[in-house]
Amino acid sequence: MNDDTLAVTVRRATPADAAAAADVWLRSFDAALPTVVRPRSDDEVRAYIRDVVVPLRETWVAETTGPREQEGVEASSPESRKPSETTDPESRKPAETTDPESRKPAETTGPGSREGAETTVAGKREVVGDKEIAGAGEIVGIMVLDGDLLSQLYLAPDRRGQGIGDRFVALAKERSPQGLQLWTFQVNKPAHRFYERHGFVAVEHTDGRGNEEREPDVRYVWRP
C-alpha cells in the first residue's frame with residue numbers, strides 16, 4: 001500500500017511522539033524556508049519540542065493509520081480541551097504550513113471512525129485484522145495551539161497537498177471558535193495563500209525583531 005493511500009488520523013500528541021514530531025518540524029522548516037536561518041540547532045529544537053511543546057502546549061499530530069476509511073480525528077478528554085495557560089517567547093514563532101494546492105478540508109469524524117478494526121502499531125507498520133500495512137504509524141504533521149494562537153503548523157514535505165493542513169486548520173477553528181491568530185514569515189508566500197484561503201486576514205507586518213530568526217513576519221487573524 002502506498003503512503004498516499006493510507007488514512008491519516010489527527011490526535012493529541014503524547015511524549016512518545018516528541019522525537020518524530022521534531023523530525024517533521026525540522027524537515028518541513030528546511031524544505032519550506034531555505035533562506036531563513038534557524039537560531040537553534042537540531043538538538044535544541046528536539047529538546048524544545050520534547051520538554052516544552054508536547055507537555056505544555058495543546059499539541060496535535062497527524063499520524064498515518066490504515067486504509068482511508070479509518071481517517072478521522074480522535075476525540076480528546078475534557079481536560080485536554082482547556083487552552084494552555086503557559087506562554088513563552090516562542091509563542092511568536094511563525095506557523096508554517098502546507099502549499100496552496102491542498103485539497104478542500106476533509107470532514108472529520110469522531111472516535112467511532114476507528115471502530116471495526118483492531119490495530120497495533122510497531123514502528124512504521126500497522127496490523128489491521130490479519131494484514132500488516134507498511135508505512136502506518138508514521139507522524140506526518142504537527143500543530144500547536146496556545147489559547148487563540150495557532151503557534152505552529154508543520155507537515156512532512158512529502159505529505160503536502162493531501163488536505164492534512166486543511167484538517168489541522170479546521171480543528172484549530174473548532175478548538176478556538178471565537179477566533180485565531182498566527183504569525184508567519186513574509187517570505188513564505190505559499191503559507192499566506194493557504195491561510196487566506198481559510199479566511200485569515202493579514203493585520204500586521206513587522207521587521208522581524210520580535211522573533212528569534214529576526215526575519216520579517218506577518219500576523220494573520222481569523223474571526224468567525
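Taking K and R as +1 and D and E as -1, what net charge do the other residues with C-beta under 11 Å from the C-beta of Arg223 add up to?
Working: positive: Lys173; negative: Asp148.
Here the charged neighbours net out to 0.
Give me the dipole magnitude in Debye, nearest 20, for segment 132-175 about the Cα centre, with unit charges on the beta carbon: positive for Lys and Arg, negative for Asp and Glu.
Computed about the Cα centre, the dipole is about 140 debye.
Report the dimensions of segment 133-224 along its three principal axes from the alpha-carbon atoms, largest first, rounded to Å.
47, 29, 22
Using a simple spin-label model with points 7 Å from Cα along the Cα→Cβ vector, what separation in nm is obtained for Leu56 and Val187?
2.8 nm
At a threshold of 8 angstrom on Cα-Cα distance, excluding pairs fewer than six apart, so keeping six or more, what relative contact order does segment 167-224 reach in percent?
42 percent
All of the numbers you see were taken from the coordinates with simple rules; none came from a lab. Computed from a prediction, not measured in an experiment: that's the story for all the values here. Virtual Cβ from ideal backbone geometry, glycine too; neighbours counted across all protein chains shown.
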